[in-house]
Amino acid sequence: MIQQPMRVIVVGAGLAGLAIAHGLKKNNIPYVIVDRETAPRDRNWAITLGWALPLLQKLLPDNLYDSIQQCQPDPNLDAKLAGQTGLLVRDGATGEAKTVSRFPSIRRLNIQKTKRHFSEGLDIRYGKRLVDIALAPGNDAGVTAYFDDGTSETGTTIVGADGGASHVRRWLLGDLALPEALPCDFMNFSFTLPADIALRLDKEMNPTVDVGAHPSNMYLGVFLLDKPDIERPETWVFYILSTWSLSDAGIHHPGSRLSELRSRMRDWFDLFKVVVDNVPDDVEIKPDQLRIWKTRPWDNHRGRITLAGDAAHSMTFHRGQGGNLAIKDADELVKNIITVQRDKVPLQDAIDTYDKGALLRGEEVEISRQCSMAFLDYDNFENSPVFKMGVNPAVKF
């Protein structure tokens, strides 16, 4: 049983960290969030929440959950309608639907908007890059996080919610914490379009997720990211995710990354081809990699250090599970910490219980990897988890 009042140090102000903090605050459990960023990152993307939405509602205060629609790329899209239209996977050559996954409700959320929204009312300290962790002597004596600005935070438990390259995970596991790069070329970039093309895309694409698997063993998805001015389609922001195998002996264009993508679109169905053709020539496509971390057990040091979200199970996006699992982690962690605060369950027992669930949820990393590889193996695509599981949770946890 702990010898001091609970205080949780959440490292990372991303989706998992913010959801955990709200759950703790809602239950009057002291916390602080620290984040290495001093300003918002210039990268943006969207996440899809389906089965985890009821869990998120439990964690957030009513005012934030009731206004979550403002975080959507299209704030006018109804969640039930989005659930009915579902998540669409097309044949990249014909544009015909190969499979659709549906839920009672779906929220597609712009991550930058969501982080700003979820930050409201929380104690977040920015510019705190973790450099070390120290365990106080004794079984229940707490833990201290040290930062590169010379400051520190002391509490009962540190939660590493600091992403796929987690510093907390590296402290726990050393080189075993390093992520693995998949053998794929990967593009992730945003852009605007001429008004007529933007209107056509908005009308014809699936409003939540619209992706294609092409016979050339290539994946491409086109997504809405933001509508800053509903009345001016030329301001709408879209983004593309695309992958193909690094061993692909096909076209390797000597020019820009956009030139290479365009050269690979010749046999794609018209809508996606037109979109890529109309991406501005000066768009920046930064080098990128798909990275995963296959969850392995960690020593939580008698309940004083654990992991959540991408830090606990870093996976690819092809099955849309990362955001949902981050919320599931947050819900389970908060529930177990409540048992320490209210029921006097020993901290180690509570965090051990949480860690077992997080480890089980880590099975999704391999399933998502298989989905990523399946998009690059068109002939066998219909044997993949995309068809067998859709985007439902892989296991009951």
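The values are calculated or read from the model by the stated rules, or taken from the named source; none is laboratory data. Everything quoted here is computed from the prediction, not taken from an experiment. Because the Cβ atoms are built from the backbone with ideal geometry, glycine has one as well, and the counts that use them run over all protein chains shown.
Quick notes on this structure:
- Among residues that are more than 30 Å from Asn300 (Cα to Cα), outside any strand (DSSP E or B), touching a Leu at 6+ places or on another chain (Cβ under 8 Å) and not hydrophobic (A, V, I, L, M, F, W, C), Asn206 is included.
- Enumeration of residues in the stretch 4-48 that are in a loop (DSSP other than H, G, I, E, B) and over 25 Å from Pro73 (Cα atoms): Gln4, Pro5, Met6, Arg7, Asn27, Asn28, Ile29, Pro30, Arg36
- Residue satisfying all of: in the stretch 66-119; in a strand (DSSP E or B) and free of Cβ contacts under 8 Å to residues at least 24 places away in the same chain; farthest from Leu18 (Cα to Cα) among these: Ala97
- Residue identified as in contact with a Phe, Trp or Tyr (Cβ under 8 Å, 6 or more places away or on another chain), at negative phi and exposed (fewer than 15 other Cβ atoms within 10 Å of the Cβ) among Ala97, Ala134: Ala134
- Residues that are over 30 Å from Trp236 (Cβ atoms) and either free of Cβ contacts under 8 Å to residues at least 24 places away in the same chain or crowded, with 16+ Cβ neighbours inside 10 Å (or both), drawn from the stretch 179-199: Pro179, Leu182
- The stretch 338-397, subset under 24 Å from the mean Cα position of the chain (by Cα), farther than 14 Å from Thr316 by Cβ and of a type in the set (Phe, Trp, Tyr), residue surrounded by the fewest Cβ atoms within 10 Å (Cβ to Cβ): Phe387
- Of residues in the stretch 362-397 being free of Cβ contacts under 8 Å to residues at least 12 places away in the same chain and of a type in the set (Lys, Arg), the one nearest to Ser245 (Cα to Cα): Lys388
- Residues that are under 17 Å from Ser368 (Cα atoms) and among the acidic types (Asp, Glu), drawn from the stretch 287-332: Asp310
- Only one of Leu241, Leu246 that is under 19 Å from Ala213 (Cβ atoms) and modelled with pLDDT under 95: Leu246
- Here is the figure for the stretch 287-301: residues that are modelled with pLDDT under 95 and either under 25 Å from Tyr146 (Cα atoms) or among the small types (Gly, Ala, Ser) (or both) total 0.
- Ser166 vs. criteria out of contact with any Ser or Thr (no Cβ under 9 Å at 6 or more places or on another chain), buried (at least 20 other Cβ atoms within 10 Å of the Cβ) and not β-branched (Val, Ile, Thr): no
- Yes/no for Asp149 being assigned to a helix (DSSP H, G or I), at negative phi and surrounded by fewer than 18 Cβ atoms within 10 Å (Cβ to Cβ): no
- Scoring Tyr31 on the criteria (1) among the aromatic types (Phe, Trp, Tyr); (2) modelled with pLDDT under 95; (3) over 16 Å from Lys328 (Cβ atoms) leaves a single failure, condition (2).
- Among the conditions (1) outside any loop (DSSP other than H, G, I, E, B); (2) in contact with a strand residue (DSSP E or B) (Cβ under 7 Å, 6 or more places away or on another chain); (3) of a type in the set (S, T, N, Q), the only one that Thr316 does not satisfy is (1).
To keep it simple, each residue is scored yes or no on (1) of a type in the set (A, V, I, L, M, F, W, C); (2) modelled with pLDDT under 95; (3) in contact with a His (Cβ under 8 Å, 6 or more places away or on another chain).
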position	(1), (2), (3)
Thr114	no, no, no
Ser119	no, no, no
Arg125	no, no, no
Ile133	yes, no, no
Val143	yes, no, yes
Tyr146	no, no, no
Asp149	no, no, no
Thr154	no, no, no
Ile158	yes, no, no
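- The number of residues in the stretch 293-350 that are free of Cβ contacts under 8 Å to residues at least 60 places away in the same chain, of a type in the set (Lys, Arg) and more than 28 Å from Phe103 (Cα to Cα) comes to 1.
- For the condition over 25 Å from Met373 (Cβ atoms), small (Gly, Ala, Ser) and in contact with a helix residue (DSSP H, G or I) (Cβ under 6 Å, 6 or more places away or on another chain), Ala145 does not qualify.
- Taking helices (runs of 4 or more DSSP H) as the structural unit, those lying wholly within the stretch 338-397 and holding at least 3 residues that are over 29 Å from Ser216 (Cα atoms) and at pLDDT 95 or above correspond to 347-361.
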